[in-house]
Amino acid sequence: MGIIGFMNEQNSDNLNKDNKKKDLGPPLKILLADDTAVNLALATKLLKRRGHEITAVENGLLAFEAFKEGSFDVVLMDIHMPVMDGLESTSKIREFEASETSRPPTTIIAMTANNEQSDHEIYLNSGMNGIITKPLEIKNVVSQIREIITNFSS
Ligand SMILES: [Mg+2]
């Protein structure tokens with residue numbers, strides 16, 4: 001698969017109105033990793049329009065490198081990517097954090113079209129903190145992200 005379905009722009013504008021309240025909160029610094037260019041571009045556009053700051057990369061190695069250089073509220077990580085997949089990238093990030101004692105762990109969220117519960121458990125056991133399933137839902141995605149961040153941080 002690998003295609004994130006998005007509702008069209010007009011629908012998303014109407015939904016924006018309905019969901020402004022849910023989305024209220026500080027802008028998030030988001031590291032977004034997905035190897036499918038159209039997914040990356042659409043998710044970046046969607047999240048930027050809602051005021052979030054996006055660093056977009058196309059594989060897990062670039063995600064790990066960007067993570068070390070930057071400071072993020074959340075990482076949105078595709079699972080299947082060339083060069084380095086989402087699970088290995090997550091594991092590298094967790095190792096890096098463990099060596100940086102001053103740095104609290106960052107929320108990492110899997111983005112996947114895979115609905116298999118057993119696979120979700122593997123992701124969670126690999127250091128990810130939550131799962132957002134593709135196709136991303138415009139009306140829910142920001143509140144889903146905030147909820148997972150809150151649950152992980154509390
Ligand atoms: Mg992929």
Practice task
Please go through the residue pairs LYS45/LYS139; LYS68/LYS92; LYS92/LYS134 and name each one whose alpha carbons sit more than 20 Å apart in this structure.
Solution key: LYS92/LYS134
Handout entry: Lys, Arg +1 and Asp, Glu -1 on Cβ, resulting dipole of segment 26-153 about Cα centre, debye, nearest 20
Key = 620
Fill in the blank from the handout: For HIS80, the residues 5 or more places away or on another chain with a placed amide H closer than 5 Å to its own amide H are GLY86
Exercise for the section: Please work out the Cα center distance from segment 125-154 to segment 34-73, rounded to the nearest Å. Expected result: 15
Practice task
Positive end of the charge dipole of segment 26-153 (Lys, Arg +1 and Asp, Glu -1 on Cβ, about the Cα centre): tell me which of ILE93, PRO27, GLY130 has its Cα farthest that way.
Solution key: PRO27
Completion exercise
Once phi for every residue in segment 147-153 is put through the Karplus expression 6.51 cos²θ - 1.76 cosθ + 1.60 (θ = phi - 60°), the whole-Hz ³J(HN,Hα) values, with Gly and Pro written as x, are 5, 5, 4, 4, 5, 6, 7
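Readers should treat all values here as calculations from the given coordinates under stated rules, not as data from a laboratory. Remember, it's a predicted structure, so these values are computed and weren't measured experimentally. Cβ sites come from the backbone with ideal geometry, for glycine too, and all protein chains shown count toward neighbours.
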